[in-house]
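The values are calculated or read from the model by the stated rules, or taken from the named source; none is laboratory data. Fair warning: this is a prediction, and the values are worked out from it, not measured in the lab. As a convention, Cβ positions derive from the backbone with ideal geometry for all residues, glycine included, and neighbour counts pool all protein chains shown. Quick note on the areas: whole protein, heavy atoms, side chains included, nothing else; ligands and nucleic acids left out. Shrake-Rupley method; radii C 1.70, N 1.55, O 1.52, S 1.80 Å.
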Amino acid sequence: MALFDLPLDELRGYRSESVAPEDFDAFWAETLQEARGFDLDARFEPVDAGLATVRVYDVTFAGFGGHPVKGWLRLPAEAEEPVPLVVEFMGYGGGRGLPHEDLLWASSGRAHFVMDTRGQGSVWGGGGGTADPAGSAPAYPGFMTRGIDAPENYYYRRVFTDAVRAVEAARSHPLTDASRTVALGGSQGGGITIAVGGLVPDLVAVAPDVPFLCDFPRAATLTDRHPYREVGLYLRTHRGRTEDALRTLSYFDGVHFAARGRAPALFSAALEDQTCPPSTVFAAFNAWGGSDKAIEVYDFNDHEGGGPYHEAAKLRWLRSYA
């Protein structure tokens, strides 16, 4: 697929038509307050992964509803004092993987915390191990319409809450420097990163790559590629529910979390990306509330975005912050 979205000069000025609900901040304040009523109960169990340069811990903490959520904490083997912390969120369908996977950030001298995404981890990578014990009204297979009948029931309310608690759990380890915490991830992980950037006020940096979960009104009608297409397929059966579905999604739109984010931010977008169309990414980038922000644009790439080139860009960029 060649370029299909807005020209780059229009993308740089594009603003979403999505409107934040009047009670958006109250909804999330109440959600997080409720979650923090449960003991975080962060547990770090050493794992023998056969690695000489990285120590790995199997992590369990209490997320939304007090439900147990898994993660990995990877530390440079020589770390004796607190080191900067990178908290990473996974793409759609993936899980935390295996202990020896993804050693980049620990190899850079930082602590690396990877959150398992509840109910996922069965599509790619090394898998996941976190259940989603909450139920759902009728939904299209996938995660995009689970609980779409009401904001309080929506699947991503649980995931975004887990993500905030993941930051808190990672920061509780004595060898992580809470004052130098970075959130990052690609695709779904990028969308979760934006949500965390809007909900956790003291991050030193965020790096959402080709982020998903942004500008729902445009995304759901612009691309027929999954996962956004799940919304259209649900509404094809549940005729007349479009307004209700979009109202629910407005509480989870990355555009509105971005408007509340203040940390330095490095986004990425790919101009041939049909999974997360570039206009939806620019909608979140242009809404980002902090002045220290940049976006890397990959002209002829689809959803792989910058791949290893963008990893190198993030490594260079993060030197200034963590």
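Numerical summary
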{"quantity": "Förster-model FRET efficiency, 56 Å R0, residue 319 and residue 136, C-beta, rounded to 0.05", "calculated": "0.85"}
{"quantity": "Share antiparallel - DSSP beta bridges, the chain, percent rounded to 5", "calculated": "40"}
{"quantity": "For the chain, calculated [θ]222 nm from helices alone, where every DSSP H run of n ≥ 4 adds -39500 (n - 2.57)", "calculated": "-9000 deg cm²/dmol"}
{"quantity": "Net +/- balance of residues flanking residue 86 in space, Cβ distance below 10 Å, scoring K and R +1, D and E -1", "calculated": "+3"}
{"quantity": "Potential extension, residue 291-residue 311 segment - 0.36 nm per residue separation minus Cα distance", "calculated": "4.9 nm"}
{"quantity": "Accessible area per residue in Å² at 1.4 Å probe, computed on the chain", "calculated": "40"}
{"quantity": "Size of the chain as Cα extents on the principal axes (Å, biggest first)", "calculated": "56, 42, 33"}
{"quantity": "The chain - percent of accessible surface contributed by carbon and sulfur, probe 1.4 Å", "calculated": "50"}
{"quantity": "Cβ-Cβ FRET estimate between residue 78 and residue 38, R0 fixed at 30 Å, reported to 0.05", "calculated": "0.30"}
{"quantity": "Calculated FRET value between residue 25 and residue 153, using beta carbons and R₀ = 25 Å, to 0.05", "calculated": "0.80"}
{"quantity": "Paramagnetic reach from residue 302 in the stretch 205-231 [backbone N under 18 Å; point 7 Å along Cα→Cβ]", "calculated": "210-212, 222-230"}
{"quantity": "Electrostatic dipole magnitude of the chain [Cβ: Lys, Arg +1; Asp, Glu -1; Cα centre; debye, to 20]", "calculated": "120"}
